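I have placed the structure first, in the form of structure tokens, so that the comments after it can refer back to it.
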Amino acid sequence: MRKLLWGLALAFFFIEIIPALIFGFSYIPGVISIRDMIDIFVYPPIMGYLFYMIYNEVFREYNGLVSPLYFLAVVLHFEGHGFHWAANALNVMMEHAGISGVVLKYAFLLDEIISHKMMFHAFIVILLIILYMATKYRIGESENALKYMFPAGILFGFSLSAAMVEGQSPYELIITCIIILLIITLTPYGGFSRVKRNDVLAFLFSMALFSLVLAGAYYAIFKGFPQPSEILG
């Protein structure tokens with residue numbers, strides 16, 4: 001489980017964050033942007049493989065209602081991802097073509113609101129299912145878990161925070177992180193002592209704590225949650 005969670009953190013960082021830092025958000029006619037091309041062709045196979053391997057690890061000895069819910073969340077996540085890419089392409093091309101009015105507003109709604117919500121809400125469900133399985137069935141038990149998973153949680157927290165603020169879903173991120181911390185620290189299945197010896201709990205605890213700190217700092221600096229693309233240009 002440790003390797004899979006590290007893989008999730010690294011994959012999300014290198015697919016979603018690094019291309020934006022290297023290539024920016026500049027528009028390329030016929031392509032939209034290099035970042036978008038990397039996102040549409042690289043994200044689905046790598047993240048799909050990781051979600052599948054995590055499923056095998058988490059549900060290896062469990063057959064219940066949570067299992068199909070996990071698959072449904074994965075399907076909705078990728079449907080939202082593809083939906084967003086298509087809507088974003090239309091929205092950006094229409095802006096550069098000088099198209100305005102109701103049609104552009106509708107494209108913006110599909111691009112920045114509906115597709116983002118579908119994609120990130122499904123991702124949140126995936127994380128909460130993994131947390132539920134780890135707390136209830138002690139999946140991911142390991143010595144020195146916090147020591148090894150703290151950096152991965154920080155990296156994933158940074159990447160997910162940047163992506164969800166860009167996706168205009170910062171408050172969903174904050175609520176999710178609070179729920180994760182409450183489940184880990186207050187439920188009978190959790191407790192900080194288990195964080196130190198469970199890879200999943202250590203990973204999500206670090207992610208949630210860092211994301212809340214980062215969200216607070218971001219809000220204080222920018223007086224709100226403007227999209228990173230607006231700040232970076």
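On the beta carbon distance between Thr185 and Leu109, with R0 = 35 Å, the FRET formula returns roughly 0.40. The eigenvalues of the Cα gyration tensor, multiplied by 5 and square-rooted, give the chain an equivalent ellipsoid with semi-axes of 33, 19, 16 Å from largest to smallest.
Only sites in a loop by DSSP and with at most 10 other Cβ atoms within 10 Å count here; which GluC sites (Glu not before Pro) in the stretch 103-168 make the cut? Intermediate values should be presented prior to the final figure.
On the way: sites: Glu112, Glu141, Glu143, Glu166; in loops: Glu143.
Passing sites in the stretch 103-168 are Glu143.
Under a 5 Å amide H cut-off, with hydrogens placed 1.01 Å from N, Glu141 pairs with Asp199 among residues at least 5 apart or on other chains.
Relative protection proxy for 13-23, 218-228, 146-156, from highest mean packing down: 146-156, 13-23, 218-228 (other beta-carbon atoms within 10 angstrom). From helices alone, the chain scores -25000 deg cm²/dmol at 222 nm; the rule is -39500 (n - 2.57) for each run of n ≥ 4 DSSP H residues, then divide by the residue total. Each label point was placed 7 Å from the Cα along the Cα-to-Cβ direction; for Tyr49 and Ser100 their separation is 4.7 nm.
Find how many whole Å separate the alpha carbon centroid of the stretch 94-124 from the alpha carbon centroid of the stretch 134-151. The stretch 134-151 and the stretch 94-124 have Cα centres separated by 38 Å. Taking a point 7 Å out from the Cα of Gln168 in the direction of its Cβ, the residues of the stretch 70-105 whose backbone N falls within less than 18 Å of it are 80-96, 99-105.
Please grab the % of Cα pairs in the stretch 1-120 that end up more than 18 Å from each other.
Details: 4295 of 7140 pairs.
Value for the stretch 1-120: 60 percent of Cα pairs lie more than 18 Å apart.
The phi-based Karplus calculation (6.51 cos²θ - 1.76 cosθ + 1.60; θ = phi - 60°) puts the 3J(HN,Hα) values of the stretch 199-209 at 4, 5, 5, 5, 4, 6, 4, 5, 4, 5, 5 Hz, whole numbers, x for Gly and Pro.
Placing a label point 7 Å from the Cα of Val66 along the Cα-to-Cβ direction, the residues of the stretch 193-233 whose backbone N falls under 17 Å of that point are 194-195, 198-205. Straight-line reach from Lys196: taking Cα to Cα under 12 Å and skipping same-chain neighbours fewer than 8 places apart, the aspartates and glutamates in range are Glu141, Glu143.
Values quoted throughout were computed directly from the atomic coordinates according to the rules given, and no laboratory measurement underlies them. All of these numbers come straight from a predicted model, not from anything done at the bench. No Cβ is skipped: glycine too gets one built from the backbone with ideal geometry, and neighbour counts run over all protein chains shown.
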